[in-house]
Structures are given as C-alpha cells and as structure tokens.
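Student: Quick one: the structure is below, questions incoming.
The values are calculated or read from the model by the stated rules, or taken from the named source; none is laboratory data. In this text, all values refer to a predicted model and were calculated from it rather than measured experimentally. Because the Cβ atoms are built from the backbone with ideal geometry, glycine has one as well, and the counts that use them run over all protein chains shown. With ligands, DNA and RNA removed, areas are computed over all heavy atoms of the protein, side chains included. Shrake-Rupley method; radii C 1.70, N 1.55, O 1.52, S 1.80 Å.
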Amino acid sequence: MTENDRILQKALLRFKIISAYLADNPPRGQRRAMLEHLSKKQWMLETGEIVRVKADTIRYWIRLYRNG
C-alpha cells in the first residue's frame, strides 16, 4: 500500500464517520449525544484495522468539512 493509498483510506474513513452525523443532522440538545454515540463505535479500515475516534475529533472534522 502506498502513502497515497493510506491518505485516501484515512480521508474515506473520516468522511464515513462525519456523513453519519451530517445525514442525521441532530438538533441542538442532541448533537453531543450523537457525537458520543459515534465515538463509541468501532470503525474498520480496509486493512482490517479497528479504530475508534473521540467525540471532539469528530466535531473537529465536521467543522473542517463545513468550512470547506
């Protein structure tokens, strides 16, 4: 696997995680709960590696996505 493949794999995982949040579009008061729910899930990379992502990291990725 090349470095570009690893970068693409990370980007796709990030989008997969934030797309779940964006699709649900939780109203105020439920946003933190949705982030916590997503942070408790296990996500699998194409290599089979299991990863977990903190709620604050997901929130940061959403902010980056929305700001272009």
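Student: Determine the sum of side-chain charges near Lys10: Lys and Arg each +1, Asp and Glu each -1, restricted to other residues whose C-beta is under 15 angstrom from that of Lys10.
Tutor: 0
Student: Under 20 Å between alpha carbons, and skipping anything fewer than 8 positions from Lys41 in its own chain: which aspartates and glutamates qualify?
Tutor: Within reach: Asp24, Glu49, Asp56.
Student: At a 10 angstrom cut-off on C-beta neighbours, averaged per residue, how do the peptides 55-61, 36-42 rank from highest to lowest?
Tutor: Peptide ranking by packing, descending: 55-61, 36-42.
Student: Under the classification rounded if a/c is under 1.5, otherwise prolate if a/b is larger than b/c and oblate if not, where does the stretch 25-68 fall, given a ≥ b ≥ c as square roots of the Cα gyration tensor eigenvalues?
Tutor: In terms of gyration-tensor shape, oblate.
Student: Tell me the relative contact order for the chain as a rounded percent, counting alpha carbon contacts under 8 Å between residues six or more apart.
Tutor: So the answer I get is 29 percent.
Student: For the chain, what is the accessible area per residue in Å² when the probe is 1.4 Å?
Tutor: Per-residue accessible area for the chain comes out at 77 Å².
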